[in-house]
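Each value in this text was obtained by applying a stated rule to the coordinates, not by laboratory testing. Every value quoted in this text rests on a predicted model; they were computed, and no experiment measured them. When we count neighbours, we look across all protein chains shown, and the Cβ atoms used for this are built from the backbone with ideal geometry, even at glycine.
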Amino acid sequence: MAQQSRPPSETADVIELLLRTGDNTLVLGHRVSEWCGHSPVLEEDIALANSALDLIGQTQLWLGLAGELEALMNGQARTADQLAYLRDAAQFRNVLLVERPNGDFGQTLMRQFLFDAWHLELLKTLENSTHPRIAEIAAKAIKEVYYHVERSADLVIRLGDGSDESHRRMQAALDDIWSYAGELFVADAYDERLAAAGIAPNPADLKPKWEQTVLRVLSEATLTVPAGTFVHKGGKRGIHTEHLGFILAQMQFLQRAYPGAVW
């Protein structure tokens, strides 16, 4: 589909949005894929692998569009693969939540649920974006994310309201990761301009519905929301934890060691 003519400044903002969205799904997809062959039961091994594939497939769409818009704006044509494998950590725009270590199964599920609940609300809004390509990608991705939310919420409830041991682990996971979820709703100048243009929501506007979903599920899971309002942030500006460096060292090894290698 031909791209609409847009001011260069707006195109740059859209590219930033696409990188942030695509980097979130890329890094989380890689994290979830680390469970392949290591999950506690075969059914969960398959489910996690499928979730990782969904996220990486969405990444292909987001980063692919970012590369197309770069080429239109400045002639720098980069593919989704190049954006994924040939950028350094400081050039990634994912939130810190998705680069957190997997930990035990409870930590992985809690991270997934908090992200999924936000991801669904984001895509619901992006379906109505004034940018037609973004709206198309959101409409495609949301079908998968509805399932992601249903699955992760169900498991959080089952384990939180399960045995003493599963409850303890889920509460520990929530306590550990809660302060990282707040970055999903921190807005900056990019977000404000995109919201004003009707291209994407202001992240803060997604929080009420996210909280409604999250608090309902956590209540059913008999889990206690941690006190405190501190928020870990910086990922959207390229300031990351050391964990992202280890992820990229593994994920990017082949292209770094053998530039241009293909199957």
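Would you kindly derive the ³J(HN,Hα) couplings of region 247-263 from the backbone phi angles with the Karplus curve 6.51 cos²θ - 1.76 cosθ + 1.60 (θ = phi - 60°), listing them in order in whole Hz, with x for Gly and Pro?
4, 5, 4, 7, 5, 9, 4, 4, 5, 6, 7, 10, x, x, 5, 9, 6
If you find the alpha carbon centre of region 35-73 and of region 147-170, how far apart are they in angstrom?
23 Å
For the residue pair V262 and E242, what label-to-label distance in nm results when each label sits 7 Å from Cα along the Cα-to-beta-carbon direction?
Each label point is offset 7 Å from its Cα along the Cβ direction, giving 3.9 nm.
Within the chain, which is the longest segment containing none of the GluC sites (Glu not before Pro) that sit in a DSSP loop and have at most 16 other Cβ atoms within 10 Å? Can you show the working numbers first?
Values: sites that count: E34, E127.
The longest uninterrupted stretch comes out as 128-263.
From Cα coordinates alone, what are the radius of gyration and Dmax values for region 187-263 in angstrom?
For region 187-263, the Cα-based Rg and Dmax read 19.0, 51 Å.
Give me Rg over Rh for the chain, both radii from the alpha carbons and Rh done the Kirkwood way, two decimal places. Write down the numbers at each step before the final one.
Numbers: Rg = 18.2 Å, Rh = 18.9 Å.
The Rg/Rh ratio comes out at 0.96.
Among the listed pairs K207/K233; K207/K236; K124/K209; K143/K233; K140/K233, which have their C-alpha atoms separated by more than 21 angstrom in this model?
Numbers: K207/K233 16 Å; K207/K236 17 Å; K124/K209 11 Å; K143/K233 29 Å; K140/K233 29 Å.
Pairs exceeding 21 Å: K143/K233; K140/K233.
Relative to the longest principal axis of the C-alpha atoms of the chain, give the angle of the C-alpha long axis of helix 164-181, reported between 0 and 90° and rounded to the nearest 10°.
Around 30 degrees separate the two axes.
For region 84-90, in order, what is each residue's ³J(HN,Hα) by Karplus, 6.51 cos²θ - 1.76 cosθ + 1.60 with θ = phi - 60°, in whole Hz (x at glycine and Pro)?
3J(HN,Hα) across region 84-90, in whole Hz: 6, 9, 10, 10, 8, 4, 5.
Could you give the size of the charge dipole of region 8-257 about its Cα centre, using +1 on the Cβ of each K and R and -1 on the Cβ of each D and E, expressed in debye and rounded to the nearest 20? List each step's numbers first, then the result.
Details: 23 positive and 35 negative charges, 72 e Å.
Dipole of region 8-257, to the nearest 20 debye: 340 debye.
Using helices alone, what [θ] at 222 nm do you get for the chain, with -39,500 (n - 2.57) per DSSP H run of 4 or more residues, divided over all residues and rounded to the nearest 500?
Calculated at 222 nm, the ellipticity per residue is -22500 deg cm²/dmol.
Compute the length gained on full extension between A204 and S166: take 0.36 nm times their separation in residues and subtract their Cα-Cα distance, giving the result in nm to one decimal.
Working: separation 38, 0.36 × 38 = 13.68 nm, distance 3.22 nm.
Contour length minus the Cα-Cα distance gives 10.5 nm.
Label region 116-199 by shape, choosing from rounded, prolate and oblate, from the square roots a ≥ b ≥ c of the eigenvalues of the Cα gyration tensor; if a/c is under 1.5 it is rounded, and otherwise prolate applies when a/b is larger than b/c, oblate when it is not. Walk me through the numbers before you get to the answer.
On the way: a/c = 5.50, a/b = 1.86, b/c = 2.96.
Taking the square roots of the gyration eigenvalues as a ≥ b ≥ c, region 116-199 is oblate.
Calculate one ³J(HN,Hα) per residue across region 17-33 by plugging θ = phi - 60° into the Karplus curve 6.51 cos²θ - 1.76 cosθ + 1.60, and present them in order as whole Hz with x for glycine and proline.
So the J values, rounded to whole Hz, are 4, 5, 5, 5, 5, x, 5, 4, 6, 5, 5, 5, x, 5, 4, 5, 5.
Starting from the Cα of Q252, step 7 Å along the direction of its Cβ; do the same at E43; then give the gap between the two resulting points in nm.
3.9 nm
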